[in-house]
Every structure is written in C-alpha cells, then in structure tokens.
Amino acid sequence: MKKENINTIIKLFEEEYGQAECTLDYINPLHLMIATQLAAQCTDARVNMITPALFKRYGTAGDFMNADRGELEDLIRSTGFFRNKAKNIIACCTMLVNEFGGEVPQNMESLLKLPGVGRKTTNLVLGDAFGIPGIVVDTHAGRLSRRIGFTNETDPAKVERDLAKQIPKDKWIILGHWFVDHGRAVCNSRKPKCEICTIAPLCRYQKNL
Ligand code: SF4
C-alpha cells in the first residue's frame, strides 16, 4: 500500500477509536497471558466473566502450577476447550516457575517457549503488559488486513510480517486494538458495512465491489 494511504488510514482509525485498549480484564502480565489463552475460540466478554473468580483463586504462576486440574477445569469450563486450556495453563506456569522465576518474560523468544503461548498471545502480552511493540494478528486483524489490502496472506505470521513492513512501529500495539474495534463495529466477518466505513475510499475490498 502507498505510504500516504497507510498514514491516512492510521489517522482515520485514530479519530474513530482513539486510544483503544485490550478488552480483556487483567491486573498483571500473568493474568493477561492466561486471559489471552482462555480467549482462544471464545469471546473476551465470556473470559471476563470467569477471570475474577479464577484470579482470586490463583494469583501467581506458582498457584496455577500447583492447581488441582479438575478444579481449574471447572473454573474455566465455559470458555470452551477447557481440558486443553487447563493442561496448557498448568504447563505454562510450571515453566514460568522453573525457568523464569515465576515472572512473565519480557521477550518474544522466551514467551514462545511457553506451552499454549503462540505469537498472538506473545505480541499481546509484550504490547499491553510491557509496552514493547508487537502486532497482534487475531481473526479481526487477519480479515481486515486482507480486505483493506495490507496483505494477501492467510497465515497469521505472514500477515504480521506484511503489517510490520508497512505500519510505523509506534502504531503496532494500538493497530491491533483498532482492528478489533473496527472489525466488531463496522467490518464484520459476514457483512461489512462499507457504506458507513470511514476508510472505504482507501480499502481494496470496497474498490473491487
Ligand atoms: S470498506 Fe468495507 S471491507 Fe473495507 S474496511 Fe471498511 S467495512 Fe471493511
């Protein structure tokens, strides 16, 4: 995409959504990491309903490491795929305790070693918990990036790579949140509302209609 068009899109998103934030509730990096794992194949709203009780019961990586698996599964059951998620959370927190002093590491290489933690979670935690630029490619970011014309790729890692080449680094964190807000409010998966979309004149999908 042309640089001037990218800058205009950024400006329009900024005007529309401002300082958008992560819609998962959390109070520390560990809780954000776990909430993000729970949000896989689930909505943030649903995750936010169960995390207050979850984080009250398990406050630290050590607490999760020592959790009774059945009890943990019960607490996260409504987020779906709860057996696998519980298994990964316990394994992830065991590694945090054994290799990282119980703290969430602040670099991609270490985060990617943790069970159940992929690039999406890594970039979200780096960006929102530590302010380290990362581009979160979730379902909204992938869909919007393809429609707008930032990429033709479907593999999230390749979408992330294409976005990183085009988007100024100081906008990487906020861009992920704008994609979520715009994807929910306007550029829906089934039927995008192009007629009310502020970036429509610059969007590849709209031009090809
Ligand atoms: S013009 Fe349509 S397809 Fe493009 S971003 Fe807006 S809503 Fe989505």
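So which of LYS158/LYS207; LYS56/LYS171; LYS85/LYS193; LYS2/LYS158 end up more than 27 Å apart by C-alpha? Mind dumping the intermediate values first?
Working: LYS158/LYS207 24 Å; LYS56/LYS171 34 Å; LYS85/LYS193 35 Å; LYS2/LYS158 19 Å.
With Cα atoms farther than 27 Å apart: LYS56/LYS171; LYS85/LYS193.
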Listed residue (ALA45, ASN28, CYS93) projecting farthest to the positive dipole end of the chain, Cβ model: ALA45
Å² per residue, accessible surface of the stretch 1-135 at 1.4 Å: 50 Å²
I need the calculated FRET efficiency for the pair THR139 and GLU195, taking r as the beta carbon distance and R₀ as 25 Å, to the nearest 0.05. 0.65
What order, most packed first, do the peptides 86-98, 118-130 have when packing is the mean number of other Cβ atoms within 10 Å of each residue? 118-130, 86-98
Full-extension gain between GLN19 and ARG46, please, as 0.36 nm times their residue separation minus the C-alpha to C-alpha distance. 7.4 nm
Take the solvent-accessible surface of the protein heavy atoms, probe 1.4 Å, and return the percent of it on the stretch 29-130 that carbon and sulfur atoms account for. 50 percent
Please report, in debye to the nearest 20, how large the charge dipole of the chain is about its Cα centre when each Lys and Arg carries +1 at its beta carbon and each Asp and Glu carries -1 there. 880 debye
Rounded to whole Å², per residue accessible area for the stretch 156-209 with a 1.4 Å probe reads 57 Å²
Which of the aspartates and glutamates could a cross-linker span from LYS11 if the Cα-Cα distance has to be under 14 Å and same-chain partners fewer than 8 positions apart are dropped? ASP170
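The values are calculated or read from the model by the stated rules, or taken from the named source; none is laboratory data. Here the structure is a predicted model, which is why all the values come from computation and not from measurement. All Cβ positions, glycine included, derive from the backbone under ideal geometry; neighbour counts span all protein chains shown. Accessible surface areas use protein heavy atoms only, side chains included; no ligands, DNA or RNA. Shrake-Rupley method; radii C 1.70, N 1.55, O 1.52, S 1.80 Å.
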